[in-house]
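As structure tokens, the structure follows; a few thoughts come after it.
FYI, it's all coordinate maths here, none of it is from the lab. Owing to the predicted nature of the structure, the values given are computational and were not obtained by experimental measurement. Don't worry about glycine lacking a Cβ; one is built from the backbone with ideal geometry, like all the others, and counts go over all protein chains shown.
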Amino acid sequence: MPRKRKKISLRWQALTSTISTTFVLILMGLTVICALTARRLGDSVRQNLTVTVMMGDDASEQQTLDYKKKLKCRPWVKDITYISSKQALEEQTEAMGQDPTEFLGENPYLPLLELHMVADYACTDSLLWISNYLKSNPLVSEVIYQKELIERINSNLHKVTYILLGLAALLLLVTLVLINNTVRLSVYSRRFIIHTMRLVGANWGFIRRPFLTRAFWIGLTSGIVADATLLCGIHALWTYDQSMSEYVTLENVVLTTVTVLVCGLLLTLLCTYISVSHYLGMRERDMYD
């Protein structure tokens, strides 16, 4: 009967350890996926910022198209849209409801190129030297971009990044503490078994092995359950709004699930190793405290 109770107690301890570890790993996974999504969203916002290159009066359509091909090869350009003077006139006529050539006598619009930048280059310093580079071409009359808007967007994105990094660091600390406490309680209930094995001459590696094996399965199970829960939530989000798949990408989901699984394994193994080593080095009279 005592052996049966002992077996039930160990199973109950393993179950509670798995449940508590799973909840912590789910919180960690949510933080990781939010951080990755925020970064993806920030990149998307920066890539949608437009740098307008106004061509000069003497720039022909062919020269403009040749210049477009040249810029397309630059590493800081994501894509380029060419708008001819005729197309610009048609767009403005439709927007204003009146043809400007009727009272100006000529087309006032110049051909232009709209550049969407690679996210890493959509910052104030990079855009400054890119603007100077574009202006150095004699075919270009003016370069226009919203400097204040870019500075404000980058500032806000940096703030969000720092907040999420701080939250992730705090959650990692909380995760370590909670898992460590859970493992310590589990090992504490078996401290006399550890002491007995040490008395009969078992080496430390032999004593640690069953505890580490048990911790491995708890960490693996917790990681798999946490990943399954996160995947269900993400699938529900994609089903509710298909456009979210652009920001919560498959790559980020895979990275999050791998992170959660690896953290679950490493943290439980590390905490178990530390806890068992603590009781292995403890004197007998201290075990009753």
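Summing Lys, Arg as +1 and Asp, Glu as -1, what charge do residues with Cβ under 14 Å from the Cβ of His116 carry, His116 excluded?
Net of charged neighbours comes to +1.
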Once you've got the Cα coordinates, tell me which of Lys68/Lys135; Lys78/Lys135; Lys70/Lys147; Lys78/Lys159; Lys69/Lys135; Lys86/Lys135 are over 21 Å apart. Lys70/Lys147; Lys78/Lys159; Lys86/Lys135
Ranking Ile218, Ile83, Ile194, Ile207 by Cβ neighbours within 10 Å, fewest first, what do you get? Ile83, Ile207, Ile194, Ile218
Total formal charge among the other residues, if their Cβ is under 13 angstrom from that of Phe216, Lys/Arg +1 and Asp/Glu -1: +3
Once phi is turned into θ = phi - 60°, what whole-Hz ³J(HN,Hα) does the Karplus curve with 6.51, -1.76 and 1.60 give for every residue of region 57-63, x standing for Gly and Pro? 5, 8, 8, 7, 5, 5, 4
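Quick one: order Ser85, Ser277, Ser136 by neighbouring beta-carbon count within 10 Å, fewest to most. Working shown, then result.
On the way: Ser85 18, Ser277 14, Ser136 8.
The order, fewest Cβ neighbours first, is Ser136, Ser277, Ser85.
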Just report the Cα centroid separation between region 194-246 and region 142-180, whole Å. 29
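Please arrange His158, His278 by how many other C-beta atoms lie within 10 Å of their C-beta, fewest to most. Please report the intermediate quantities before stating the final value.
Values: His158 11, His278 14.
Ranking His158, His278 by Cβ neighbours within 10 Å, fewest first, gives His158, His278.
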